[in-house]
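In what follows, a structure is listed as structure tokens, so that the remarks can point back to it.
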Amino acid sequence: MVSCHFSEVLRRRKGFCMRIKVSSRLFCILLFLASLSMMNGDTTNNMILSNMKQIKCIFSDLDGTLCHFERDTIKHGVKTTENKEMCTAIVRNKDGQTRACRLLPASTMGNGTVSERTIELVGKLRAHGVKFVIISGARTTTIQERLPFLPLVDAVACETGSKIFYPPDSTTEPVKASSWMMDEEWSKRFEKVTGPLNTDTPAVSRQGTLWDLFREMKALRLDPDARGYYGCFRVKCRSPESLEILSGIISDSHKLDSMGIAHAMNLGMYDFFPKSAGKGSTVRYLQQKWGLREEECVALFDDDNDLPMAALCGAGFLPGITSASVQARVEEERNWRIAESAGTGVFATEEILEQILQQVERLREEEKAKETLTSA
């Protein structure tokens, strides 16, 4: 009897200890989850990110967002020292902090810089399964020259979304532009407007309503620029007279609609492109192609032509502001925020990417903790 009673005591004590051990483990997990939630609320940017239950894709503008120019940053005390022979640069802010950068060729604004830290952060985000897409108004030839210097991403769209390119499968390093594949399904949607996008035909002789408008503007001596463009062209007004003529064309929305053409301000110039293209339509197409919801996407941007893209994402962040209209729109959107170091170029971009990466890592830790909780 004594022996049996003693055995029963031991059995119950063992069970009690096991329950304490499991309870302690659950308590630690719950405490960890609570701490993650509290950490998310430390800044306004993190408050926006903390409301996102998943981050699956980042849609980013290029010039003024990932790639920066000294003419824009010098007023904030950020200077660039170029080594053109090595295609590198050192960017220094007013506090003496420096960043090693890659020097990107540009046809309109001179050379731009993308920091090595930005390249690294994009890589880390993609390693966590987050897709990264660059959507730019840059001409095809400029994008092709830049691809080896840009971070490896899941897609690149240029000419305000008129062309979408994908890297070769299983690629882990930047590759030549010739290895990227163009999305033919996308471009066929507006072929009546642009004609074939792979053509050597001079712009003045191309077929499509976009090039009809190009020829009309050329006849009006507006000097439209189609160099390196195939699904878009750009107009820079050099006098009050030319601006007045262009304003008349833009104000005739019925005519442009009937031609299937849209326009947007970009870098202080006007881009004309297929109405069914554009940055917003490009984002929507890729979201549907990859099965993404708006609330799972983040936009990085700075200019007016980026607004339709940002409007289709759950959150938007700006490393700088290019116009009063963008500033006004940001003030209206509760899920858009300007970087604290806005205007400092690569430093502001890194600030935003660091915050997004932190939230992605927190979400991954929460998932792991919840899995542990379930298994316990």
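The values are calculated or read from the model by the stated rules, or taken from the named source; none is laboratory data. In this text, all values refer to a predicted model and were calculated from it rather than measured experimentally. Note that we place each Cβ from the backbone using ideal geometry, even for glycine, and neighbour counts take in every protein chain shown. To get the accessible areas, we keep the full protein, side chains included, count just its heavy atoms, and leave off ligands, DNA and RNA. Shrake-Rupley method; radii C 1.70, N 1.55, O 1.52, S 1.80 Å.
When the chain is treated as a Gaussian network with alpha carbon springs shorter than 10 Å, the biggest mean-square fluctuation among E340, E294, E85 belongs to E85.
Taking a ≥ b ≥ c as the square roots of the eigenvalues of the Cα gyration tensor, the stretch 203-274 is rounded, since a/c falls below 1.5. For the chain, the fraction of C-alpha pairs farther apart than 38 angstrom is 27 percent.
Rounded to the nearest 10 square angstrom, R126 shows an accessible area of 70 square angstrom against a 1.4 Å probe. Summarising the label geometry, the points placed 7 Å from Cα in the beta-carbon direction at L152 and N83 lie 2.4 nm from one another.
A helix-only calculation puts the chain at -13000 deg cm²/dmol for mean residue ellipticity at 222 nm, using -39500 (n - 2.57) for each DSSP H run of at least four residues, averaged over all residues. With the simple spin-label model, which puts each label point 7 Å out from Cα in the Cβ direction, the W290 to E361 separation comes to 2.2 nm.
Helices meeting the span-like rule in the chain (full DSSP H runs, Cα extent of at least 30 Å along the helix axis, mean Kyte-Doolittle score of 1.6 or higher) are absent. Based on DSSP, what percent of beta bridges with both residues in the stretch 249-376 are antiparallel, to the nearest 5? Looking only at bridges with both residues in the stretch 249-376, the antiparallel portion is about 50 percent. With 25 Å as the cut-off, how large is the P(r) tail for the stretch 245-376, expressed as percent of Cα-Cα pairs? That tail contains 41 percent of the Cα-Cα pairs. Normalised per residue, the accessible area of the chain is 50 Å², obtained with a 1.4 Å probe and no contribution from ligands, DNA or RNA.
Among T199, T209, T349, the largest mean-square fluctuation in a Gaussian network model of the chain, built with springs joining Cα atoms closer than 10 Å, belongs to T199. Considering only beta bridges that DSSP places wholly inside the chain, some 60 percent are antiparallel.
Placing +1 on the Cβ of every Lys and Arg and -1 on the Cβ of every Asp and Glu, with no other charges, gives the stretch 203-274 a dipole of roughly 280 debye about its Cα centre. Farthest towards the positive end of the charge dipole of the chain, among the residues A369, I164, P148, is the Cα of A369, using unit charges on the Cβ of Lys, Arg, Asp and Glu. Compactness of the stretch 114-243, taken as the C-alpha radius of gyration over 2.2 N^0.38 Å, stands at 1.22. If you build a Gaussian network model of the chain, linking Cα atoms that sit under 10 Å apart, which residue out of E333, E365, E185 swings the most? So, out of E333, E365, E185, the one fluctuating most is E185. Only protein atoms count toward the accessible area here, which uses a 1.4 Å probe; on the chain, the carbon and sulfur part of that area reaches 53 percent.
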